[in-house]
1. Which far-off residues, 5 or more places away or on another chain, put their amide H under 5 Å from the one on His34, with H placed in the peptide plane?
2. Would you tally the net charge around Leu64, using a Cβ to Cβ cut-off of less than 15 Å, leaving Leu64 out, and scoring K and R as +1, D and E as -1?
3. Note the count of lysine pairs whose C-alpha atoms are less than 20 angstrom apart in the chain, limited to pairs 8 or more residues apart or on different chains.
4. Pick out, from Val45, Tyr8, Trp61, the residue whose Cα sits farthest towards the positive end of the charge dipole of the chain, with +1 on the Cβ of Lys and Arg and -1 on the Cβ of Asp and Glu.
5. Using the Karplus curve 6.51 cos²θ - 1.76 cosθ + 1.60 with θ = phi - 60°, what ³J(HN,Hα) values do you get for each residue of the stretch 3-10, in whole Hz, with x for Gly and Pro?
6. Using protein chains only and a probe of 1.4 angstrom, how many square angstrom of Met55 are accessible, to the nearest 10?
7. Size of the dipole of the chain about the Cα centre, Lys and Arg at +1 and Asp and Glu at -1 on the beta carbon, nothing else charged, in debye to 20?
8. So what is the 222 nm mean residue ellipticity for the chain from helices alone, if each DSSP H run of at least 4 adds -39500 (n - 2.57) and you divide by all residues, rounding to the nearest 500 deg cm²/dmol?
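The values are calculated or read from the model by the stated rules, or taken from the named source; none is laboratory data. Bear in mind that the values here come from a model prediction, so they are computed numbers and not experimental data. So basically every Cβ, Gly included, is an ideal-geometry build from the backbone, and we count neighbours across all protein chains shown. Please note that ligands, DNA and RNA were not included when accessible areas were found on the heavy atoms of the full protein model with its side chains. Shrake-Rupley method; radii C 1.70, N 1.55, O 1.52, S 1.80 Å.
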Amino acid sequence: MPAISMFYGIIVYIYFMDDKQHRLPHLHAKYQDHEAIVSIPEGDVLDGGLPRSKMRLLLAWIELHKDELQADWELAVAGESPFKIEPLR
């Protein structure tokens, strides 16, 4: 489960071969004791949640990097290491 980015206390992961349960391209975002599973590129919350301010930051970041996230998803589903993505600044 490689972390692909970290910003404002949010850590974003894309898990290897994680296409069984949700069947959609998605990422996992953790902030303190919260975790959200969010679809790529739509930004729909599939499970869990983050505090509202952190979710807004995450969704802005997804919008900026949706092509990179889709490419990383395809790598991870194939069992390959995804690339790091620039954090939100």
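1. Sorted by chain and number, the residues that satisfy this come to none at all.
2. Values: positive: Arg56, Lys66, Lys84, Arg89; negative: Glu42, Glu63, Asp67, Glu68, Asp72, Glu86.
Net local charge, Leu64 excluded: -2.
3. On the way: Lys30/Lys54; Lys30/Lys66; Lys30/Lys84; Lys54/Lys66; Lys54/Lys84; Lys66/Lys84.
Step by step, the pairs that qualify in the chain add up to 6.
4. Going by the Cα projections, it comes out as Tyr8.
5. Rounded to whole hertz, the list is 6, 9, 6, 9, 7, 6, x, 9.
6. My reading of the accessible area for Met55 is about 30 Å².
7. Numbers: 9 positive and 14 negative charges, 71 e Å.
Charge dipole of the chain: 340 debye, to the nearest 20.
8. Details: 2 runs with 25 residues, N = 89.
Roughly -9000 deg cm²/dmol at 222 nm, from the helical runs in the chain.
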